[in-house]
Amino acid sequence: MDPVRFNIVGGERKVMNHYLAHKKIGFVGCGNMAQTIARGWVDSQILRPDQISATNRSPGKLKKFADDTGINAFDSTEQMLEDCDVIVLAMKPQDLLTALEDFQHAFTDNQIVISLAAGISLHTIKKAINAPVRLVRIMPNTPASIKEGVIGYCIADNNNELKTAIEDLFSPLGLVIEADEGEAFEALTVSAASGVGFVFELMIYWREWLEEHGFDEETATLMTVKTFLGASKLADQSSNLSLEDLLARVTSKKGVTAAGLASMRELELERGLRYSFEKAVLRDRELSQ
Ligand SMILES: NC(=O)c1ccc[n+]([C@@H]2O[C@H](COP(=O)([O-])OP(=O)(O)OC[C@H]3O[C@@H](n4cnc5c(N)ncnc54)[C@H](OP(=O)(O)O)[C@@H]3O)[C@@H](O)[C@H]2O)c1
């Protein structure tokens, strides 16, 4: 199979893009991910707070968010939809389609609609919206909150202006990767969004082993986090070295690391991880039914 080419955008773009300078963006749902994204836009000065609006099912959360950030709080999603050029659907996947039934008539032609909902296809959302909007699916991960995210997106049509708008919006939050909906987007969801959870699970094993060998929890946590952070930063800053080169540099023949690695391979750790990734993909497919 020929390798698929992906559109990758990274690094910070602090200059306000002329396309975004006058746009208004509304979040339907202001939970964890919406707040992460909105704060990322304001902090990186890609949007001003007055360009951002939100609605939320429970009003208390919305009021607090608006008070903290200076964004506009709307009581009515219909009214917000009329006021905004870009709409971000930021509810949980299980709430999305029912919620759309209430306000699907309020979308306008050519509005950009961004769905964050894991597992719900472009086709399904397009069917649920009563207007020819420009639809995008985004898959962010939680490190986007510290601008170290991996943010995947897929769009229904090959529209370069739309791609630029999405890349300008999301590159301040991390690495932005366009992937075709289907296998590539599923893999991105599992490796980047669920992947953060898998890495935390590994870090817990690491910490527990250190605790069993005499370190207190706080020190063991710090050592674990710094080991993962150090390895990641080293890989990030060694653009001339592959991961295999970096591995070779810590592995001397018949040494300590080599013994541990040999055992990892004997235990088929890779097979275990691949199996877990595939199970997560299956669950992503199940949710999309
Ligand atoms: N968190 C992640 O790591 C992550 C990663 C990738 C993608 N995502 C996606 O991001 C989306 C949001 O996830 P989240 O973690 O931010 O969830 P969340 O914290 O539960 O936020 C969802 C928000 O939507 C609100 N809501 C529900 N129905 C609504 C409606 N009809 N109108 C207005 N607001 C409504 C909820 O209001 P209440 O205050 O009443 O509950 C809640 O504040 C999901 O689709 C998820 O798949 C999340």
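The values are calculated or read from the model by the stated rules, or taken from the named source; none is laboratory data. Please read all numbers here as calculations on a predicted model, not as lab measurements. Neighbour counts are summed over all protein chains in view; Cβ atoms, including those assigned to glycine, are modelled from backbone coordinates with ideal geometry. Only protein heavy atoms, including side chains, enter the accessible area calculation; ligands, DNA and RNA are left aside. Shrake-Rupley method; radii C 1.70, N 1.55, O 1.52, S 1.80 Å.
Out of (1) open to solvent by 10 Å² or more (accessible area, probe 1.4 Å); (2) near the ligand (Cβ under 10 Å from one of its atoms); (3) hydrophobic (A, V, I, L, M, F, W, C); (4) not in a loop (DSSP other than H, G, I, E, B), what's the single condition that is false for V88? V88 satisfies every listed condition except (1). In summary, helices (runs of 4 or more DSSP H) completely within the stretch 117-220 and bearing 1 or more residues that are open to solvent by 10 Å² or more (accessible area, probe 1.4 Å) and within 12 Å of the ligand (Cβ to nearest atom) occur at 183-188, 195-212. Taking the criterion of being touching a Lys or Arg at 6+ places or on another chain (Cβ under 9 Å), at pLDDT 95 or above and over 15 Å from V113 (Cβ atoms), the only residue of the stretch 73-100 that qualifies is A73.
The set of residues from the stretch 93-102 being in contact (Cβ under 8 Å) with a residue 40 or more places away in the chain, farther than 14 Å from R137 by Cβ and not aliphatic (A, V, I, L, M) comprises just one member, D95. Checked against the criterion of being closer than 23 Å to Q104 by Cα, more than 8 Å from the ligand (Cβ to nearest atom) and either hydrophobic (A, V, I, L, M, F, W, C) or out of contact with any Cys (no Cβ under 8 Å at 6 or more places or on another chain) (or both), the candidates F27, F65 yield just one match: F27. Scanning the stretch 28-60 for residues that are surrounded by fewer than 17 Cβ atoms within 10 Å (Cβ to Cβ) and among the basic types (K, R) yields R48, R57. Mind checking whether some residue in the stretch 36-46 is under 29 Å from P132 (Cβ atoms) and within 10 Å of the ligand (Cβ to nearest atom)? Yes, the conditions are met somewhere in the stretch 36-46.
Considering each of Q79, Q94 in turn, give the residue that is within 14 Å of the ligand (Cβ to nearest atom), part of a helix (DSSP H, G or I) and exposed (fewer than 13 other Cβ atoms within 10 Å of the Cβ).
When all the criteria are applied, what remains is Q94.
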